[in-house]
Structure formats: C-alpha cells, structure tokens
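Here's the structure, in structure tokens; my notes come after.
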Amino acid sequence: MNCQRVQDNFIDHQDGTLPPAESAALRAHLASCPDCQREWSALQEMTRKLDALPATEEPSPRLREQFYAMLETHQRDADTVSPFALAKSRIDRFFAALLPSTPSLQFAGALAVLALGVFTGARYLQQPVPPAVTSPADAQRLANLERELADQKSEVKDMGGLVAASLLQHKSTSERLQTVLATMDQKSPDRHVLTDLLGALAFDPSVNVRLSTIEALAAHADQAVVRQGLLATLPRESAPLVQVAMIELLTSVREAAAAPLFERLSRDETADKDVRESARRGLALLRSPSPTDPLKSKQPSNPVLS
Amino acid sequence: MFLAPVTQFRVSSAEAPASLPATVDADSDHELMLAVRAGEIRRLGDLFERYHKPLYGFFVRLTNQPSASEDLVQIVFYRILKYRHTYRDEGKFSAWIYHLARKVSADHFRKSARTPTPTDPADFNEQPDQEPAPDAQAGTADDLELMRRALARVTHDHREVLVLARLQHLNHQEIARLLDCSVGAVKVRAHRALKELREVYFKIRKEQAA
Ligand SMILES: [Zn+2]
C-alpha cells in the first residue's frame, strides 16, 4: 500500500468503516512509515480537539418567543377559510382598477405577501374598492412604483425584510408599532425596509401603526419611492388622522404631483373637514412659489405624534 | 454546486437513521411533520423543541455570529411552515431541516458578502466559558479557544463539512445527500478540511507565540 492510498483511507479508518483487511494493512503501513504516522496522529489530534469543542451557548429566550408567535399566526391563518386568497383577489382588483393599462398582478402579488402579515381582513374587506381615480400622470407614477416594488419582489417574497418578517410574527398592535419605530433609528435603511413600511402604511389595520409608519417614512421623504408610495396610498386611506398626516408630509416635501389628489380631497363632501382643510392648505402651498423653508422641508410635523 | 430545489428534495426513510444528538425517534419527527403539513400547525412546536438548539449550534459554528444565528433558526422554521406542503410522505425530517438550514445559511452569506462582516469578535468573546470539556485530555481552555478560532477561519465548505460531521454528528451518507455529492467526495472533503483546520490551528498558535 502506498502512502497516498493509506492517507485516503484515514477518514474511513477513523470512522471504523474500513473493511477489516484494509484496516489491518493500514495499521501495518503506519507501523513502518513515519510520514503517515505523523499524518495520522495529526488527524487524530485535530479530530479530538474538534470533538472537544463545547456546545455553543444557548439561544436567548427571544428565539422561542418569536417562534411561538409565528406559529400562532400561522395556525390562525390555517384555521380560517383562506383569508389570504380572498385578500389577494381584492388587492389584485384594487390595483387592477388603479392601473388600468399595466399588468398589476406582480405588484399586487408582492404587496399581498406583505399584506399576509399585517392584514387582518377586517379593515380592507369592509371597504368598497375605491373607484379608479387616476390621471395619466398618476398612472405613470404608479407604474413607476410598481416597477420599483417589483424589483424588490423576490426579497419581499422571501420575507427577507425585517419589518415584514416582524410584522408577520408579531400579532399585537404594540409589537408592530415597536417594529415600525425601530426602523426610525436607521439612518439609511434598506430599500426594502422602506417598501415594507409602505406596505404597512397600506395594509396595517391599526391607525396608530399607520401614523407611526408615516412618522418613520418622513425622515426618508426625499426618496422617490416614499413619495410615490404615499401618493398611491392616500386615495384609499379612510382614517382622517392618517389622511391629514399624509397630506402634511407630502406638503412639507412640496410633492407637486400631490396637487390633483389634494384638489379632489378638498372638494370631497364626504371627507372629514380636517382633511379637506389640510388638503386646501396643502394645495395653496404647492401652488405658491416655493420658498425654501428649512424648518418644514426637513422634519415635517405630525399632528398627532409630535 | 447544484442544490435541489426544495420541492424536489426527498430522502428515503429506509436509509440509515439520523445520528442527531437531540433526535429521539426519526419516525415521530416524520409523523409530527405530516401533522403540520395537514394543518396542525402547532405541532411544529415539538419539532422546534427538538431541533432549535442543534440548528442554532450549526449556525453559530458556521457564521460565528450568535445573534444572527437566532434569526437564521427562525427563518428555517418560517420556511418549514411556508413550504410544509412540499414535505414528502417518504420524507425524512432531519434531512429536510438541514437542507433548509443550508439554503438559509447560503442566503445569509450571500447577503453578508455585500457588507462583509466575516467574524464578529464581539459576538465571539461573549461566549461564556463552558463546563470543562468532556474529554479532559483534549486540551485546556486556551486550547479550545484556539480551536474555536481555527474553525472560524477555515474556508466555508470545509467548515461546513466539519460542523456537520463532527459537531452535528451527521454520517457521511447524510452529508452526501445534503451536499448533493458522492459519499467518497464527502470523505475527501472531510479529510482536506481536517488538514486545513490543522494548518490554521498551528498558524494561529504561531501568531500567538510571536
Ligand atoms: Zn506512508
């Protein structure tokens, strides 16, 4: 037996899986070959040291808590008659209405995945699908948003996004709130953190969570995706507090494309009077020659949280 | 290396039983998973109790990032739920969960490759001193620390095979199926891995002495 053959058999010999005859030949070779002897001892020594490594420390209690929270969410989803499928078809129709000329299924699919976590069914399913309200310019912006979000689709789908994953796992409003607030510490969050936040803004049933989401997004309103997301979400928002916060944010960053929406809202007899008033003021500001107002443009005020 | 998509992955239950430390009975793992697949989601809790610590150890050794490893364990169980319908009647749960774990760690490494944080020293030093090694003659605490650092430094593929074989106690057949290669290839890789480990180990020791 040559040295190479012998050393090739080391692993099997170590495991005791070498046939007895070969094992005997190997031992005989070892006894007479210092090189192989040295190799063998080294291998044995490394294996012994490796095996002696103590188990890693225990995971923190957080792991177990999060796991069981996730389990409950899934069990409840499995127990109900596929609210997800229902929600998805509603959402598909919603976006189909908003984007008459673009295939909306991909976008809706991506958002539907987000919705899985934050969507309880109650808020959205009780509302009629809003009418199609888009001007050509809005449709263009929405199409852009669709593309941007579609780029994120695979990651969102995989629940790679921390916010989405966490919204999925945490059932209570306060926990979802904390998750949203945690993103505010991030100086420059991932793009998909932003899209997750927009998803929460569109689908979270809690007014408080949606308001906090706007607050979190305010710091990143310089990014086009955030402003486009706000423009897409505002028409279907029904809570006056949230509507006002969105209008204020869009106004503070002087988002010109918001003007048609503001105009419509300011004339909408069914809208809350605070909302109409905000929209009127916002419209006036957008139409005035834009003075640079450093106080307002950076950190827009939130009527409730600040 | 080719990795079979989840839906195509299957392992015959007629194969040798898993030699996982915490696994009591491979059959009942399988029964539990079939129940989960059928909609009794909460029964995944039992599988979590059996597997989350070995999995956590797998990720810690592979990534050297204890805190990230908790997230990775969570993602594995999330994927089990997400892909539960693809679990096979003839499936073997321990093989499946390690298959998912490898994919999760591959995703993790792909992501962190963009923002490289190879070894998190803070994470590492947090490790409290464990009870004395079972094999007292294997070495002092310094020795173990040296080995821990050496393992962290060997190349990913070698570290993976070492962790699976020596720390997770999978046999070569099981590893071969996981890595989608022949048993012979696993042995070759295991041997090379031990050699690299040894080189790194002595290199670190030399650096320390200097
Ligand atoms: Zn020899």
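A compact table of results
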{"quantity": "Protein-only accessible surface order, largest first, of B:LYS92, B:LYS203, B:LYS103, B:LYS111 at 1.4 Å", "calculated": "B:LYS203, B:LYS111, B:LYS103, B:LYS92"}
{"quantity": "Proximal charge balance of A:ARG280 [Cβ under 10 Å; K/R count +1, D/E count -1]", "calculated": "+1"}
{"quantity": "Chain lengthening between A:ARG5 and A:GLU65 when straightened (0.36 nm per residue, less Cα-Cα)", "calculated": "16.4 nm"}
{"quantity": "Surface per residue (accessible, 1.4 Å probe) for the stretch A:3-52, Å²", "calculated": "49"}
{"quantity": "Area of A:ASP79 that stays accessible when all protein chains are in place (1.4 Å probe, Å², to 10)", "calculated": "100"}
{"quantity": "Those residues of the stretch B:30-78 for which accessible area with every protein chain present is at least 40 Å² below the isolated value (1.4 Å probe)", "calculated": "B:ILE41, B:ARG42, B:PHE48, B:GLU49, B:LYS53, B:TYR56, B:ARG61, B:GLU70, B:GLN74, B:TYR78"}
{"quantity": "Accessible area buried between chains A and B, both sides summed, probe 1.4 Å, in Å² to nearest 100", "calculated": "4700"}
{"quantity": "Anisotropy class of the stretch A:3-52 from Cα gyration tensor, a/c 1.5 cut", "calculated": "oblate"}
{"quantity": "B:HIS156/B:HIS85 FRET efficiency (R0 30 Å; Cβ-Cβ; nearest 0.05)", "calculated": "0.45"}
{"quantity": "Heavy atoms of A:THR179 accessible to a 1.4 Å probe, total area in Å² rounded to 10", "calculated": "20"}
{"quantity": "Accessible area of the stretch B:134-209 belonging to carbon and sulfur atoms, whole % at 1.4 Å probe", "calculated": "50"}
{"quantity": "Listed residues B:ARG42, A:ARG276 arranged by accessible area, highest first, probe 1.4 Å", "calculated": "B:ARG42, A:ARG276"}
{"quantity": "Whole-number D in µm² s⁻¹ for the stretch A:173-287, Kirkwood Cα-pair radius fed into Stokes-Einstein, 4 °C, 1.567 mPa s", "calculated": "92"}
{"quantity": "Dipole magnitude (debye, nearest 20) for the stretch A:173-287, charges at Cβ of Lys, Arg, Asp, Glu", "calculated": "360"}
{"quantity": "C-alpha center-to-center spacing [the stretch A:238-270, the stretch B:139-167] in angstrom", "calculated": "59"}
{"quantity": "Residues in the stretch B:147-186 that, when all protein chains are in place, have 50 Å² or more less accessible area than the chain alone would give (probe 1.4 Å)", "calculated": "B:MET147, B:ARG166"}
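The values are calculated or read from the model by the stated rules, or taken from the named source; none is laboratory data. Given the structure is predicted, the values throughout are model-derived calculations rather than measurements. Heads up, the Cβs are rebuilt from the backbone with ideal geometry, glycines too, and the neighbour counts pull from every protein chain shown. Accessible surface is based on the protein model in full, side chains and every heavy atom, while ligands, DNA and RNA are left aside. Shrake-Rupley method; radii C 1.70, N 1.55, O 1.52, S 1.80 Å.
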